[in-house]
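Asker: Sharing a structure here in structure tokens format.
Every number here is computed from the coordinates shown, using simple stated rules; none is lab data. Remember, it's a predicted structure, so these values are computed and weren't measured experimentally. No Cβ is skipped: glycine too gets one built from the backbone with ideal geometry, and neighbour counts run over all protein chains shown.
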């Protein structure tokens with residue numbers, strides 16, 4: 001199961017409605033995210049529309065992409081009323097210390113506008 005499918009399953013278990021926005025572009029032979037930053041959208045009654053980037057254990061690469069080359073698109077998304085932005089990074093962790101059984105668990109990072117402000121510009 002892909003990180004995207006794990007995220008969808010978890011969101012549905014939490015009672016949220018969600019939809020995939022990532023699409024396959026057969027001409028370029030790549031997957032393209034909504035605005036280059038969002039793999040799926042979830043409707044959260046308490047926060048509004050949540051844009052989610054789902055990935056495996058490579059959180060650092062996705063964080064670098066969002067805060068670097070795609071920072072302006074992230075800011076545009078976050079300044080829109082009723083939106084939130086998250087990265088769900090999935091890794092296998094031990095069920096119990098010293099045991100062998102493992103389960104998939106997400107690391108959920110919620111981004112705010114403060115994550116995109118360059119401290120040197122302040």
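Asker: At 0.36 nm per residue, minus the direct Cα-Cα distance, what do residue 23 and residue 60 gain on full extension? Give it in nm, one decimal, please.
Answerer: 11.1 nm
Asker: What FRET efficiency, computed as 1/(1 + (r/R0)^6) with R0 = 25 Å and r the Cβ-Cβ distance, is obtained for residue 113 and residue 12, rounded to the nearest 0.05?
Answerer: So, using R0 = 25 Å, E works out to roughly 0.30.
Asker: For the chain, modelled as a Gaussian network with Cα springs under 10 Å, which listed residue fluctuates most, 103, 52, 37?
Answerer: Judging by the Gaussian network model, the answer is 103.
Asker: While we're looking at this one, here's another question. Helix 3-13: angle to the longest alpha-carbon principal axis of the chain, degrees 0 to 90, nearest 10?
Answerer: Its long axis makes an angle of about 80 degrees.
Asker: Taking the number of other C-beta atoms within 10 Å as the exposure measure, put 62, 27 in order starting with the fewest.
Answerer: Least crowded to most crowded, the residues run 27, 62.
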